[in-house]
1. Please determine, by comparing only the residues of segment 333-377 that are under 17 Å from the mean Cα position of the chain (by Cα) and under 24 Å from V283 (Cβ atoms), which one is surrounded by the most Cβ atoms within 10 Å (Cβ to Cβ).
2. Kindly indicate the residue of segment 129-154 that is modelled with pLDDT of 90 or more and assigned to a strand (DSSP E or B) and also farthest from V219 (Cα to Cα) among those meeting that condition.
3. Please verify whether V301 is over 22 Å from T11 (Cβ atoms) and surrounded by 15 or more Cβ atoms within 10 Å (Cβ to Cβ), treating the condition exactly as stated.
4. Got a sec? Which of R195, R184, R235, R220 is out of contact with any Cys (no Cβ under 9 Å at 6 or more places or on another chain), of a type in the set (K, R) and assigned to a strand (DSSP E or B)?
5. Test each condition in (1) under 29 Å from T19 (Cα atoms); (2) surrounded by fewer than 22 Cβ atoms within 10 Å (Cβ to Cβ) for A322 and report the one that comes out false.
6. In segment 354-395, what count of residues is obtained for those that are part of a loop (DSSP other than H, G, I, E, B), at pLDDT below 95 and among the hydrophobic types (A, V, I, L, M, F, W, C)?
7. Which ones in segment 357-384 are without any contact (Cβ under 8 Å) to a residue 60 or more places away in the chain, of a type outside the set (F, W, Y) and either under 15 Å from G254 (Cα atoms) or touching a Leu at 6+ places or on another chain (Cβ under 6 Å) (or both)?
8. Among the listed residues E68, E89, identify the single one that is at pLDDT below 95 and of a type in the set (D, E, K, R).
Amino acid sequence: MTAFSLDPEQTARCAELRTLAAERLRPLAEKGEPGHVNRPLVAALGELGLLGCLFEGRGAGATPPGKETGALGLCLMRESLAYACTEAETALALQGLGAHPVHAHGSPEQRERWLPPVRAGHAVAAFALSEPGAGSDAAALSLAAEPDGSGGWRLTGEKCWISNAPEADFYSVFARTSPGAGSRGVTAFLVPADRAGLTGTPLEMLSPHPIGALAFDGVRVGTEDVLGEVDRGFRVAMTTLNRFRPSVGAFAVGMAQSALDATLAHTAERTAFGGPLKDLQSVGHQVAEMATRTEAARLMVYAAAAAYDSEGPRSPGIARRAAMAKLIATETAQYVVDAAVQLHGARALRRGHLLEHLYREVRAPRIYEGASEVQRTIIAKELYAKEPHTQQPHTRMDVHEEEPPA
C-alpha cells in the first residue's frame with residue numbers, strides 16, 4: 001500500500017462502516033435532540049467497537065497492541081461515518097478529542113477510572129481549551145489555576161465553545177498555573193463534571209452538535225488531577241490536536257463526497273431545458289470540478305495520515321502536511337456543498353434535506369481545531385524554516401505549534 005491507495009481490506013472496511021452508519025447509527029441520530037449529547041448514539045458507537053479504535057494499546061480501556069487505529073485508519077473511519085451520518089462521526093471524534101489527553105498523558109489511575117467507560121460509550125468526554133479571549137491564540141489562556149495552600153489549585157474563569165459541554169462526564173481542562181509564561185505556564189487537568197464550583201451553559205450554534213460554555217468558580221484540583229506535568233499542559237493540548245487534525249480533513253471529505261453523490265443523482269434525473277441537467281455543459285463542468293477537488297483533498301488527507309503513521313508526529317514536515325490536509329479538505333468541502341446546493345436549487349434549502357444538513361455542518365470545520373488562517377500560518381512558517389537565512393514570519397496564532405523547548 002502507498003499513501004495514495006487503499007488495499008481491498010481497507011476498502012471493504014469503509015463500505016462496512018458506511019452501511020453501519022446508515023442502518024444502525026443514523027436512526028439513533030435522528031431521534032436525538034439537536035444541541036444535546038445523544039447518549040444512545042454514543043453507546044452504540046461503543047457497542048460496535050468504534051470508540052475503542054481511538055485508543056492505542058496502552059493501559060486500561062485501550063485497544064490491544066497491534067489492533068489500534070493509526071492516523072490513516074482514523075481518517076478512513078471518520079470519512080466513512082461522515083458520509084452516512086455526520087452526527088455519529090462527530091460523537092466519535094469528540095470522544096477521542098476529550099479522552100486522548102487522559103490516554104496519552106494520564107496516570108494509571110486516571111486511565112483506569114475513565115478510559116473503559118469512554119471506550120464502552122458510557123462516559124462522555126470533552127476537550128476544554130478555548131476561551132472567550134483565547135481561540136486561535138491558545139497560548140493566551142486566562143483560566144487561572146491558583147495554589148490553594150494544600151498542594152492543589154483553585155480554577156477560576158471561563159471556557160467557551162466547548163463541544164459536549166455542559167453535558168460531558170469529565171473535561172480535559174487547560175489552565176494557567178504560571179502567569180506571564182505564555183505556553184510554558186499552562187497545565188492540563190482532568191476535571192469530573194460533578195466537581196463543586198463547575199457549572200455550564202449550552203450555546204445555540206449553527207452546527208447541530210452540543211456546544212457550551214463552562215464557568216469555574218474556585219473549582220479545586222489536586223496533583224492527582226494533573227494530566228502530564230505541571231506547566232507542560234500546552235504540549236498535552238498540541239499533541240492531542242496534532243493527532244486529530246488530519247482526520248478533521250477526513251470528516252470534511254466524507255461530507256463533500258456525500259454532497260457530490262447527491263448531486264450526481266439529482267443532475268442525472270432532473271430534467272430542464274429539454275433534457276437532464278447533466279447534459280448542460282455548465283452543469284457537467286461544475287460537477288467535474290467538485291469531483292476533482294474532492295479527490296485531491298482525499299489524497300492529501302490520506303498522504304498526511306500515512307506520513308504520520310510511518311514517520312511519527314514529530315518528524316519534519318508532519319505538521320505542514322497535516323495543516324495542508326485540513327486546510328484543503330475543509331475549504332473544499334465548503335465549496336462542494338455550496339455548489340451542490342446551487343445545483344439542487346430551492347429544494348436543498350428545505351429543512352431536513354441532506355444538503356441543508358450538510359450546509360450547516362460544513363462551516364464549523366474551517367474554524368475549529370485551528371482555523372484556515374492558522375493552518376496557512378503553520379504552512380508558511382514551516383516553509384520559511386527550511387531557509388536558514390530567511391526570517392520566519394512573526395505570529396501569535398500558534399494554536400498547533402509544539403511547545404517551545406524549556
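1. Per the criteria, the residue is A333.
2. Within segment 129-154, the match that is farthest from V219 (Cα to Cα) is E131.
3. Answer is no for this residue.
4. Result: R220 is the single residue among R195, R184, R235, R220 that is out of contact with any Cys (no Cβ under 9 Å at 6 or more places or on another chain), of a type in the set (K, R) and assigned to a strand (DSSP E or B).
5. Unmet for A322, out of (1) under 29 Å from T19 (Cα atoms); (2) surrounded by fewer than 22 Cβ atoms within 10 Å (Cβ to Cβ): (2).
6. Residues flagged as part of a loop (DSSP other than H, G, I, E, B), at pLDDT below 95 and among the hydrophobic types (A, V, I, L, M, F, W, C) within segment 354-395 amount to 2.
7. Correct list: R366, S372, Q375.
8. E68
The values are calculated or read from the model by the stated rules, or taken from the named source; none is laboratory data. As the structure is a computational prediction, the values presented were derived from the model and not from experiment. Note: ideal-geometry Cβ built from the backbone for every residue, glycine included; neighbour counts use all protein chains shown.
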